[in-house]
Amino acid sequence: MTTAEKLAQLDAHSARVLRCGGPKAVEKQHALGKRTARERIELLMDTGTFTEVDRFVRHRCTAFGMGDKDIPADGVVTGYGTVEGALVYVYSQDASVLGGSVGEMHARKIAGLYDLASKTGAPVIGLIDSTGLRLQEATDALNGFGEIYRKQALASGVVPQITAVFGSCGGGLALIPGLTDFTFMESKKAKLFVNSPNAMEGSWTEKDDTSSAKFQSEEAGLVDFVGTEEEILSQIRELVCMIPGNNEENDAYGECEDDLNRDIADAAGYNGDTTIVLSMLADDQNFVEVKSAYGKDMVTGFLRLNGETVGAVANRSRIYDEEGKETANFGEVLSAAGCEKAADFVNFCDAFSIPVLSLTDVAGYAASKCEEKKIAKAAAKLTYAFAGATVPKVNVVIGKAFGSAYTVMNSKAIGADITYAWPDAKIGTMDAKLAAKIICDGQDAAAIDACAAEYEALQTSAESAAQRGYVDQIIEAADTRKYVIGAFEMLFTKREDGPVRKHGTV
């Protein structure tokens with residue numbers, strides 16, 4: 001059943017409930033332009049597969065009049081079912097019941113769901129719509145927050161964790177999406193914050209809404225996807241189909257009917273905007289980008305190559321619209337935000353045995369006072385992520401590859417298994433013209449030009465890098481798909497163990 005068909009079915013059901021004088025909760029949620037907790041689950045899951053657990057759990061609080069209050073499901077619906085046939089566990093907070101606030105038993109239900117997911121090896125999806133900690137339960141509720149955090153920490157790298165924010169997600173609750181692998185956020189009604197904008201000195205919501213989806217996706221970098229409720233639930237389904245269910249069984253495969261040897265003849269013309277190149281490379285030209293609004297000079301996301309899910313990390317210097325017009329130009333640089341975004345993504349891929357493809361086109365680091373505060377640490381984190389990842393790693397140099405910024409981008413020096421380069425790629429310490437000006441300082445223009453030509457041939461061409469063993473093969477841009485697929489097929493049985501240690505410290 002399609003999302004549209006599910007929506008029509010749910011709308012008809014909700015209308016019948018209201019006509020019969022049923023629960024006012026449905027009417028209240030719909031009046032706010034929001035789906036109920038159970039409706040969201042029905043839209044997310046394969047039709048008829050959801051099974052609820054702990055439905056009859058109730059709170060134990062008797063203070064502040066709570067003893068007489070009946071709180072259905074204690075404000076959170078928990079259970080399991082399938083998404084495109086894959087087992088998932090889901091909890092959905094019910095904002096119509098005490099604002100979906102988190103109390104002792106509410107938290108215990110979520111923690112119990114994590115236990116089931118970790119035992120069976122399946123993703124956990126949290127649908128957040130809550131006013132936060134239940135004040136009437138005080139320290140019991142606070143302890144409940146801690147129990148959820150701990151379960152999330154223990155499940156990290158074991159099963160994928162996904163959070164979608166549909167309403168309020170504030171205070172301590174904001175740590176939950178911070179601990180998950182991917183976060184979705186409704187574009188207009190959702191609020192995600194540790195401190196409310198109105199609680200910060202010199203700020204208020206109308207002036208600077210730091211709780212908005214726009215801020216959290218573009219500036220904070222916490223949110224991966226933004227959209228309507230229906231778009232978010234559809235995007236979660238697409239993401240679940242792309243990633244493994246756990247860290248031991250990489251079942252992220254699909255049938256490939258696309259031509260494995262398909263030319264991508266136009267790729268070289270779009271090397272500045274690698275979202276386009278990655279779409280061209282992918283089976284059926286389907287590339288799922290994550291954190292698209294943050295660190296836009298770096299692209300991260302998933303694609304399938306011969307049916308196998310691959311994680312992609314790529315430099316981006318330009319953005320083109322659907323008509324092919326340039327709408328943004330970042331230059332061929334690494335930014336702190338881009339490095340951090342890519343490092344987190346590579347760590348996820350490595351944890352779940354997803355091969356990594358990188359497209360390199362970088363000439364240096366972003367230069368500003370703001371960047372200088374963070375760039376060394378951020379670039380070090382990316383280096384650490386690539387160097388420590390034991391999954392198959394393939395790098396394609398599609399443009400410039402200069403200096404240590406190139407080394408950071410999955411070069412052979414830090415562990416790439418296979419490196420390809422397009423014929424016009426430039427690989428070296430710096431641009432040949434700049435190097436010639438330094439080498440031939442004080443000489444005339446003709447001498448500098450001659451030196452630049454010699455330097456390019458000897459030190460910055462793809463051929464010179466290949467002669468030194470830093471590039472395995474020089475390939476035409478149009479042939480990239482078949483070469484990359486071949487490399488990952490060869491690396492399918494790769495086994496690599498890192499040094500014996502408790503964990504690194506970068």
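The values are calculated or read from the model by the stated rules, or taken from the named source; none is laboratory data. Bear in mind that the values here come from a model prediction, so they are computed numbers and not experimental data. Note that each Cβ is placed from the backbone with ideal geometry, even for glycine, and that neighbours are counted across all protein chains shown. Only protein heavy atoms, including side chains, enter the accessible area calculation; ligands, DNA and RNA are left aside. Shrake-Rupley method; radii C 1.70, N 1.55, O 1.52, S 1.80 Å.
Quick look at the values:
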read-out: Total formal charge among the other residues, if their Cβ is under 14 angstrom from that of LYS494, Lys/Arg +1 and Asp/Glu -1; value: -4
read-out: Ranked packing of 159-166, 226-233, most packed first, by mean Cβ within 10 Å; value: 159-166, 226-233
read-out: Histogram of C-alpha separations across region 64-180, 10 Å bin width, %; value: 15, 50, 29, 6, 0
read-out: Shape category assigned to region 293-435 from the gyration tensor of Cα positions, a/c cut at 1.5; value: rounded
read-out: Interatomic Cα distance distribution for region 349-425, bins of 10 angstrom, percent; value: 20, 48, 27, 5
read-out: Mean ellipticity per residue at 222 nm, deg cm²/dmol - from DSSP H runs of n ≥ 4 across the chain, formula -39500 (n - 2.57); value: -10500 deg cm²/dmol
read-out: Å² of accessible area per residue within region 392-506, as computed with a 1.4 Å probe and no ligands counted; value: 52
read-out: Alpha-carbon Debye profile of region 226-318, log10 I(q)/I(0) at 0.11, 0.20, 0.25 Å⁻¹; value: -0.35, -1.06, -1.30
read-out: Full-extension gain in nm, SER203 to GLN443, via 0.36 nm per residue minus C-alpha separation; value: 80.7 nm
read-out: Protection-proxy order for peptides 497-506, 240-249, 334-343, 253-262, each taking the mean of Cβ atoms within 10 Å per residue, highest first; value: 334-343, 240-249, 253-262, 497-506
read-out: Net dipole in debye of region 400-479 [+1 Lys, Arg Cβ; -1 Asp, Glu Cβ; about Cα centre; nearest 20]; value: 280
read-out: Helix 3-19 axis, angle to the chain major axis (alpha carbon atoms, nearest 10°); value: 20
read-out: Convex hull volume per residue in cubic angstrom - Cα atoms of region 357-480; value: 114
read-out: Coordinate range along principal axes, alpha carbons of the chain, Å, largest first; value: 90, 54, 52
read-out: Nearest-20 debye value, region 215-288 charge dipole, Cβ charges on Lys, Arg, Asp, Glu; value: 200
read-out: Cα-centre dipole for the chain with unit charges at Cβ (Lys and Arg positive, Asp and Glu negative), debye to 20; value: 1860
read-out: Share of carbon and sulfur in the accessible heavy-atom surface of region 351-427 [1.4 Å probe, %]; value: 57
read-out: Residue among VAL223, GLY388, ALA117 farthest towards the positive dipole end of the chain, charges placed on Cβ; value: ALA117
read-out: Percent of beta bridges antiparallel (DSSP, the chain, rounded to nearest 5); value: 40
read-out: For region 326-350 versus region 403-461, the gap between their alpha-carbon centres in whole angstrom; value: 23
read-out: Highest to lowest packing among 377-385, 485-493, 283-291, 321-329, scored as the average C-beta count within 10 Å; value: 377-385, 283-291, 485-493, 321-329
